[in-house]
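I have placed the structure first, in the form of structure tokens, so that the comments after it can refer back to it.
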Amino acid sequence: MFSNYLIGLREGLEASLVVCILVAYLVKTGHRDRLWTIWLGVGIAAAVSLGFGAALEFGTKELTFEAQELIGGSLSIVAVGLVTWMVFWMKRTARHLKAELHGKLDAALAMGTGALVTTALLAVGREGLETSLFVWRSVKAAGDGAAPLTGVLLGIASSVLLGWLFYRGALRIDLARFFTWTGGMLVVVAAGVLAYGVHDLQEADFLAGLTNKAFDVSGAVPPDSWYGTLLKGTFNFQPDPTVLQVTVWILYLIPALGLFLAPVGFGRSAGAKEQKNTHEQAEAGGRTDGGGDRAGRDGERVHDGTGRGSTGTDGVAG
């Protein structure tokens, strides 16, 4: 349940921060009347994500066991690839995310209502689709039952609450540290999902070695015990993995976690400097736009609520 809560919290908070940035920028620049386009895009993105999740869950029910395992194992690998890309992308671009979104929103404002809806749809929809796929595979790995899905829903609910508190300026945390810790934990979870996907492919006879066990600690860690269930639900632990599963788990986890936790700062690219210049121009435009005192105060709430929490860097939202 914890791993699914973490997925819902991490992905949901990213989407919430994106929405906060978009809403605050429209308010700050005097376009409060266009807020409905953001919420329409968010609603469409949520509906598409839910539909994608439903298609994954019910679309494979009538398939043979081997076909289900083949699809499930393949989607596990895709899900791990997506979540790995996501955590590394956030690590690399988090401090410039606000400037990037401001630039896209300026272009969308010039193009019209449809472009605004599309901007919000794409910004939030990517997170939603990634969440649907990764959660589906994580829930399958953890086994049937309401606990995994409950964990996801609680995580999303927590992220919505945190996003609202950020916007109101009532909450300040070190976002850089938060995304580092949660990203590292997601890499560990992803390693378990990858190993589980390999096991699915072995059960589908797509990969060999299903009977070649690396070890078997079922006696010490019974799968139906409370601690066995906890380990399986949190890390997708299997007491009797195959040699291939353990090999893949090690080959993914060690380099991925090492690269993720490696310090950033070997020099900023030209693209990063350009994004910072865009950010500064957007800030200057927001100060001179004349969107009204009320709009300015509302917009600054999300800037202060997140920017100060990121210990002096550009931050996710500031």
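Which one of these is touching a Leu at 6+ places or on another chain (Cβ under 9 Å) and of a type in the set (Gly, Ala, Ser): Gly73, Gly59? Break it down stepwise before answering.
Working: Gly59 fails: touching a Leu at 6+ places or on another chain (Cβ under 9 Å).
One residue alone meets the criteria, Gly73.
Quick grid of which residues meet (1) at pLDDT below 75; (2) in a helix (DSSP H, G or I); (3) open to solvent by 30 Å² or more (accessible area, probe 1.4 Å); (4) of a type in the set (S, T, N, Q):
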| residue | (1), (2), (3), (4) |
| --- | --- |
| Ala120 | no, yes, no, no |
| Arg137 | yes, yes, no, no |
| Trp181 | no, yes, yes, no |
| Val193 | no, yes, no, no |
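Of all residues in the stretch 94-111, which are open to solvent by less than 20 Å² (accessible area, probe 1.4 Å) and farther than 20 Å from Leu129 by Cα?
Residues satisfying the conditions are His96, Lys98, Ala99, His102, Leu105, Ala108.
Just a yes or no: is a residue in the stretch 151-174 of a type in the set (D, E, K, R), modelled with pLDDT under 85 and surrounded by 23 or more Cβ atoms within 10 Å (Cβ to Cβ)? Even if it seems obvious, please write down each step before you answer.
So in the stretch 151-174, the residues of a type in the set (D, E, K, R) come out as 168, 172, 174.
So of that shortlist, the ones also modelled with pLDDT under 85 come out as 168, 172, 174.
Now restrict to residues that are surrounded by 23 or more Cβ atoms within 10 Å (Cβ to Cβ): none.
No, the stretch 151-174 contains no residue that is of a type in the set (D, E, K, R), modelled with pLDDT under 85 and surrounded by 23 or more Cβ atoms within 10 Å (Cβ to Cβ).
Of everything in the stretch 190-233 that's in contact with a Gly (Cβ under 9 Å, 6 or more places away or on another chain) and of a type in the set (Phe, Trp, Tyr), which residue is nearest to Trp249 (Cα to Cα)?
In this case the residue turns out to be Tyr196.
Looking at the stretch 17-66, which of the residues that are open to solvent by less than 60 Å² (accessible area, probe 1.4 Å) and among the polar types (S, T, N, Q) is modelled with the lowest pLDDT?
Taking the candidates together, the pick is Thr60.
The values are calculated or read from the model by the stated rules, or taken from the named source; none is laboratory data. Here the structure is a predicted model, which is why all the values come from computation and not from measurement. Note that we place each Cβ from the backbone using ideal geometry, even for glycine, and neighbour counts take in every protein chain shown. Side chains are part of the model used for accessible areas, which takes the heavy atoms of the whole protein and leaves out ligands, DNA and RNA. Shrake-Rupley method; radii C 1.70, N 1.55, O 1.52, S 1.80 Å.
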